[in-house]
Amino acid sequence: MNTHAFTLSLLLLLLLLLLCSLTPSHAHPDPPANYSTKYLEITHPLPTDYQCPTCSLHVFQIDVNFSVTARAPVVAGYYSPTSKFSDPWALVGDYSPPANCSGPWSAIVAEFTASISAKQEKRIAAVWIGGVEILRSSTVQTVGHGAFWKVKKDVSRYASVLSKSNVTAALVLRDAVKADVTGTYGANFTASFHVNVTFYFYGGKVSSVEKGLKRRKFGLGGLDVSENVRKLGSFGESQTRVLSENMEERVEEEGVGEVEFKSEEKTQSGESEENVKSGNSLKLPSEGSVRKEDNRLQYEHFYRTPADLIIPISKGGNSTASWFVIHNGSDLHSKEIKIPNNTYKAVLEIYVSAHGSDEFWYSNPPKTYLQKENRTLLPFNSVYREVFAEIDGLFVGSFVPFPIVYSGGINPLFWDPVVPIGSFDLPSSDLDLTPFLGLLLNNKSHTLTLGIDGATSFWLIDANLHLWLDHRSSHVTAGLSKYRTPAIEFKRKYKFGITESKFKLEVEREFKFEGWVNSSMGNLTTKIDHELEFKNTIKIKRGGLFKEVSQKIKTETELEIEAFSELLLSKVSYETKYPLDLKIETQLRGNNTLFTKTEFSHDRDEKSTVILPFGVFFRTLDNRQESEGHTQVQGQDVLSGVATTEQQYKYKDQNGCYIRRVVAGAGYLLEDSFSNICVESEEL
């Protein structure tokens with residue numbers, strides 16, 4: 001590790017934190033002394049970590065103690081505490097942005113802080129503003145001691161909602177194990193529990209403290225860059241507005257005339273073919289036609305402009321959780337939507353989390369095994385889960401979710417104090433619906449449906465429909481020109497034996513969509529090509545005392561934006577790999593005692609490349625955890641246990657790297673090393 005770079009980074013950060021702490025907007029109370037352990041999810045810093053916010057807004061505050069009392073949310077909210085009430089538990093109030101620093105803002109960050117003074121069972125939490133979910137998180141399942149933790153998330157993509165006044169704000173915590181529960185919320189608490197939610201608003205430009213530390217949200221949903229942009233080709237004053245999956249890009253175009261399009265025809269095979277060729281020529285300026293500063297500003301504007309409108313796809317309601325609860329694969333939930341006629345881009349963002357009997361869905365044996373073992377009462381349903389969306393019954397996209405492990409999952413000792421990947425900030429997934437705008441732009445209501453193939457009880461799901469509007473036109477025309485969704489290919493190989501059973505499932509999924517949009521920015525065609533490979537193997541021995549799971553999820557997605565004559569304006573390539581391995585071996589000992597040895601590893605490996613007329617950009621993330629340990633349990637009591645977790649976090653883009661390695665054990669960070677120096681070797 002570069003000692004000089006680390007020292008300089010630390011000094012700069014300490015100086016900045018000192019300056020920010022002098023302002024009320026950035027002050028935080030210290031956790032009480034009995035909140036002994038700080039839990040953390042390893043991730044790269046936000047660029048706003050090195051800048052003081054312009055202002056802040058304290059949205060919610062919860063204080064629960066032995067008498068199960070709570071305070072109202074800070075922002076004109078209401079809550080009527082009682083000694084008994086149902087779960088989920090919601091705090092609801094009114095939200096308005098800070099009056100002293102109105103937008104537009106360069107960035108908005110949500111901060112969720114929580115503390116518990118003693119043992120706490122896991123819960124799922126979410127924050128909604130104006131019915132739009134902006135954060136989903138889970139609480140820590142502590143191991144016999146108090147804890148505190150903090151979650152920070154860039155929520156700039158929700159600016160259109162966060163800029164509204166007098167909208168409903170809701171914070172919900174609910175049981176993460178039971179699908180339907182009622183009773184005393186404080187039953188799991190043996191001491192006090194506190195939660196705070198604060199928004200930080202940043203005006204002007206996000207500053208750059210150190211190039212290697214400045215990082216933004218990774219993934220197609222937030223392909224942002226620092227202000228340290230390398231030399232790129234540039235667009236002139238008259239530019240082309242490009243539409244691309246999960247990117248908030250906007251560039252203007254000159255001189256586009258009226259274009260006529262043929263009516264679309266759908267073939268019996270399920271494929272709709274139409275090639276749109278007519279249109280006016282797009283003028284792309286030559287490289288170097290604009291000053292460097294203009295080029296940088298264009299790039300920032302191209303990626304960071306959020307949607308003009310966000311429509312929540314959820315159950316709604318002011319006093320209960322807005323998410324839908326899915327109990328099985330045929331349990332579908334829908335909402336009627338009507339979008340503005342000048343919409344030129346649409347992205348569906350989906351939040352989803354697995355609970356109850358499907359919390360460990362990747363390890364569920366097939367029903368045939370349960371029948372042979374006379375365990376038909378167990379609700380398991382094999383291992384394949386696919387989240388999908390439909391418009392008026394037409395399939396418009398799907399994904400296999402990243403397997404989230406909560407802090408009490410597999411072995412609670414693994415996650416003390418480092419929590420599993422994604423458990424504090426559960427990732428959402430985006431489906432670009434731009435090719436399907438031709439189905440929606442008719443001034444009529446349409447049904448948008450969410451479901452999960454293969455699901456058992458229970459999953460929590462909702463979505464946000466992000467819409468970009470053409471402010472130069474009151475009406476946009478569009479059409480679906482290609483639709484290809486071949487049948488999913490399943491390959492199953494099951495082996496049942498007295499001493500060993502083995503179940504292998506392989507799934508291949510592919511879909512291709514293509515649609516055109518004719519707006520004031522011209523006639524642009526969006527092409528989407530998605531491929532999925534899914535493999536899962538489960539071995540069970542000695543009547544279930546030994547279980548081994550190996551799963552691999554791999555996806556490749558390409559999204560292209562073309563002008564009239566197949567002129568490529570942008571191309572996004574996105575590849576994900578989510579391997580997971582689990583081995584559990586249990587020994588029966590005397591006095592109703594079980595000795596269990598567990599090994600677990602999972603990885604979030606993501607790569608993206610963006611090709612634009614003025615440059616090529618890339619991002620890679622490799623976030624891997626490996627854990628092992630053993631426990632000795634008698635009844636409900638853990639008599640003894642030892643566990644360690646090693647995590648390697650690697651992030652890289654054209655500006656540099658962020659690498660961190662931690663080793664945790666016995667409730668402590670045994671190692672914690674950091675570097676922003678790019679190296680080819682696997683070790684730090």
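One table, with the values for the structure above:
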| quantity | calculated |
| --- | --- |
| Close pairs (7 angstrom Cβ cut-off, 6 or more residues apart or separate chains): assigned by TED's automatic domain parsing to the domain that holds K367 and loosely packed, with under 12 Cβ neighbours inside 10 Å in the range 486-502, modelled with pLDDT of 90 or more and not aliphatic (A, V, I, L, M) anywhere | E489/E508; K491/E506; K493/K504; K495/S501; K495/K502; T499/K541 |
| Strands (runs of 3 or more DSSP E) within the range 576-648 that include 2 or more residues of a type in the set (G, A, S) | 593-612, 615-634 |
| Residues located in the range 150-195, provided they are of a type in the set (D, E), modelled with pLDDT under 90 and surrounded by 16 or more Cβ atoms within 10 Å (Cβ to Cβ) | D175 |
| Unique match (being of a type in the set (S, T, Y) and not in a strand (DSSP E or B)) among S565, S573 | S565 |
| Leading residue by the ranking (nearest to L505 (Cα to Cα)) among those in the range 538-580 that are among the β-branched types (V, I, T) and crowded, with 19+ Cβ neighbours inside 10 Å | I538 |
| Any chance L431 is surrounded by 22 or more Cβ atoms within 10 Å (Cβ to Cβ) and part of a strand (DSSP E or B) | yes |
| Some residue of the range 387-408 being modelled with pLDDT under 95, outside any strand (DSSP E or B) and either buried (at least 21 other Cβ atoms within 10 Å of the Cβ) or of a type in the set (K, R) (or both) | yes |
| Options G77, G131, G103; residue that is out of contact with any Phe, Trp or Tyr (no Cβ under 6 Å at 6 or more places or on another chain), surrounded by fewer than 21 Cβ atoms within 10 Å (Cβ to Cβ) and either of a type in the set (D, E) or at pLDDT 75 or above (or both) | G103 |
| Residue satisfying all of: in the range 359-386; acidic (D, E) and at pLDDT 95 or above; farthest from H333 (Cα to Cα) among these | E359 |
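The values are calculated or read from the model by the stated rules, or taken from the named source; none is laboratory data. Computed from a predicted model, the values in this text were never measured in an experiment. Glycine also receives a Cβ, built like all others from the backbone with ideal geometry; neighbour counts cover every protein chain displayed.
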